[in-house]
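The values are calculated or read from the model by the stated rules, or taken from the named source; none is laboratory data. All figures in this text were calculated on a predicted structure; none of them were measured in a lab. Don't worry about glycine lacking a Cβ; one is built from the backbone with ideal geometry, like all the others, and counts go over all protein chains shown.
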Amino acid sequence: MYNLPGPKSRELWDKDIEFVISGRTNIADSLPLVFEKGEGVYIFDVDGNKYIDFSAGILTASTGHCHPVLVDKLKKQIEKLWHVYAFPTPDRADLCRNLSRHMPKGIDTFAFYCEGSITVEAALRAASSFTKRWSYAAMTHAYHGRTLMTRSLGAHLLPKEFGPSVQVSRLHYPDCYRCPLKLRHPECGLACIEASTDLLQGSSTEPLAAVIFEPIAGAGGIIVPPQGAWKRLAEICREKDMLIISDEVLTGVGRTGKFLAIEHFDVEPDITTFGKGLGSGFPVMVAAGKKEIMNANPYGAAGGGGSSTSFGGNPLSVAAAEGTLEVIEAEGLIRNAEERAGKYRSGRRTGQRSTQPWGCEEWGCSGESIW
Ligand SMILES: Cc1ncc(COP(=O)(O)O)c(C=O)c1O
């Protein structure tokens with residue numbers, strides 16, 4: 001068990017590296033294992049070693065690997081129909097109805113994609129179509145993907161060798177552990193967010209279409225903002241007629257004890273993106289928003305191709321998403337996430353339900369790291 005990788009992994013890894021690029025991300029490059037089977041929380045390599053998959057397939061295996069409900073749904077679908085491009089299929093509207101039960105007020109229109117970056121790009125196209133504005137604000141610590149625009153919105157992935165990025169107005173992520181202004185919450189009065197007014201004013205000559213943020217920062221360092229921060233940012237942006245885009249590719253589908261993490265912060269976004277956990281590992285992502293925004297011309301105009309994608313919303317991914325929602329509900333996984341969070345926060349294993357809301361005060365944001 002401790003002599004990893006085993007001989008079969010080593011052999012297959014060497015075979016793979018002949019043809020596949022070497023930068024498989026630091027997670028894979030750090031241990032050359034070759035996996036062949038997953039079952040619940042476990043994953044097995046080709047040498048028969050069994051692991052607990054703490055990465056959960058990079059936060060996608062929300063119901064575990066190969067949950068029997070999903071296996072059954074996918075088997076049934078695979079015998080019927082795999083793909084029809086944008087046409088409706090019998091189950092797509094049901095999935096949307098099911099999803100809309102989990103959406104913030106006003107969010108009732110859905111577009112399906114396969115990758116997070118492409119979904120964020122779609123959200124931006126919808127926002128620009130609606131506002132007729134083309135510039136955006138994003139946060140420090142942000143991660144929204146690796147296409148040119150999503151990389152530009154992100155705060156970390158801009159090696160100059162990739163060429164110029166798109167100009168973005170950069171706002172402070174409300175990070176109380178490493179306060180960008182070296183202040184302490186709550187005495188700071190959310191100064192980092194209050195600074196957004198000046199930052200927005202000073203950083204763009206054009207009016208901005210929207211601000212995009214992760215309600216809990218993910219790849220840029222797991223950061224839980226203080227209560228009130230997103231609400232205040234939303235107020236500042238609304239005064240400028242900017243839309244609010246909550247990127248929940250990582251935090252959505254129940255990971256934080258609510259279907260969407262923004263629900264912890266009492267903010268109603270105009271558009272949200274989510275999906276890492278929606279297909280339990282099967283690629284399905286969603287851009288969801290208010291109907292008048294999502295249907296704006298040209299992004300959502302009838303007869304146009306502004307939202308088009310080759311594989312989005314195909315019947316197999318719809319089946320996987322339906323299966324995931326069914327399991328999440330039947331097994332109480334969102335409540336489970338909330339209860340686990342409560343236990344970790346309190347440092348106890350009492351089985352009691354958490355009574356505390358999210359927010360950096362509860363995490364000891366005045367100096368201790370809880371991560
Ligand atoms: C918040 C957020 N947005 C977008 C993305 C990009 O998703 P993808 O890697 O599927 O393009 C990620 C990926 O981790 C993410 O965490």
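Points worth noting:
- Among the residues of this structure, Thr251 counts as one that is surrounded by 24 or more Cβ atoms within 10 Å (Cβ to Cβ), within 17 Å of Ala337 (Cα to Cα), of a type in the set (S, T, N, Q) and assigned by TED's automatic domain parsing to the domain that holds Trp82.
- Candidate set: segment 55-75, residues that are among the β-branched types (Val, Ile, Thr) and at pLDDT 95 or above; chosen: the one nearest to Val249 (Cα to Cα): Thr60
- Set side by side, the residues Gly106, Gly145 differ, and just one is surrounded by 15 or more Cβ atoms within 10 Å (Cβ to Cβ) and either assigned by TED's automatic domain parsing to the domain that holds Arg178 or in contact with a Gly (Cβ under 7 Å, 6 or more places away or on another chain) (or both), which is Gly145.
- Residue-level analysis places Pro315 among those that are farther than 17 Å from Ala123 by Cβ and surrounded by fewer than 21 Cβ atoms within 10 Å (Cβ to Cβ).
- Counting only helices (runs of 4 or more DSSP H) wholly contained in segment 50-151, the ones carrying 1 or more residues that are more than 16 Å from the ligand (Cβ to nearest atom), under 24 Å from Gly281 (Cα atoms) and of a type outside the set (Lys, Arg) occupy 68-78, 92-100.
- Just so you know, in segment 219-263 the residues that are in a strand (DSSP E or B) and within 13 Å of the ligand (Cβ to nearest atom) include one that is nearest to Leu208 (Cα to Cα), and it is Ile245.
- Filter pass, Glu194 being loosely packed, with under 15 Cβ neighbours inside 10 Å, in the same structural domain as Gly252 (by TED's automatic domain parsing), farther than 16 Å from Ser246 by Cα and out of contact with any Gly (no Cβ under 7 Å at 6 or more places or on another chain): no
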